[in-house]
Amino acid sequence: MITNYLPVLVGWEKTKMAKSEAWTRKEGQNPEGGLNAKGRASLKAKGQNIKPPVSKEQAKKSPKSAARRKSYCARSAGQAKDFPKAAKDPNSRLNKARRKWDC
């Protein structure tokens with residue numbers, strides 16, 4: 001719990017600071033890349049509907065999933081060009097997510 005002390009006319013009052021969303025913290029991120037269920041749930045609470053990654057095996061079963069995977073891999077390849085330092089680091093969030101999607 002993060003606390004902050006603010007001056008009040010009579011004395012000091014202990015108040016709580018709000019936590020950031022789970023998708024921005026370690027508890028909402030999958031260590032293997034991407035977001036875990038808690039991270040996706042925190043984004044859904046904000047109005048976004050993010051789906052889990054699609055692997056090659058899952059893409060073979062559904063053309064819609066295959067299109068999602070192909071689109072993600074193309075977008076993330078562009079990110080790799082824009083951020084060469086992250087592209088070279090095998091432990092970067094970008095490379096972990098690309099491995100999760102089998103790009």
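The values are calculated or read from the model by the stated rules, or taken from the named source; none is laboratory data. The structure displayed is predicted, hence computed values, not measured ones. FYI the Cβ positions are ideal-geometry reconstructions off the backbone, even for glycines, and counts take in every protein chain you see.
Can Ala59 be described as in a helix (DSSP H, G or I), closer than 21 Å to Gln29 by Cα and either of a type in the set (A, V, I, L, M, F, W, C) or at pLDDT 95 or above (or both)? Taking the combined requirement at face value, the residue does not satisfy it. Among residues of region 73-93 that are in contact (Cβ under 8 Å) with a residue 60 or more places away in the chain, those with a Cβ under 9 angstrom from a residue that is surrounded by 10 or more Cβ atoms within 10 Å (Cβ to Cβ) and among the aliphatic types (A, V, I, L, M), sequence gap 6+ or separate chain, pair up as Arg93/Ala86.
Against the criterion of being touching a Leu at 6+ places or on another chain (Cβ under 8 Å), part of a helix (DSSP H, G or I) and over 23 Å from Ser20 (Cβ atoms), Ala66 does not qualify.
Among all residues of region 25-38, there is none that is in contact (Cβ under 8 Å) with a residue 40 or more places away in the chain and either part of a helix (DSSP H, G or I) or touching an Asp or Glu at 6+ places or on another chain (Cβ under 9 Å) (or both).
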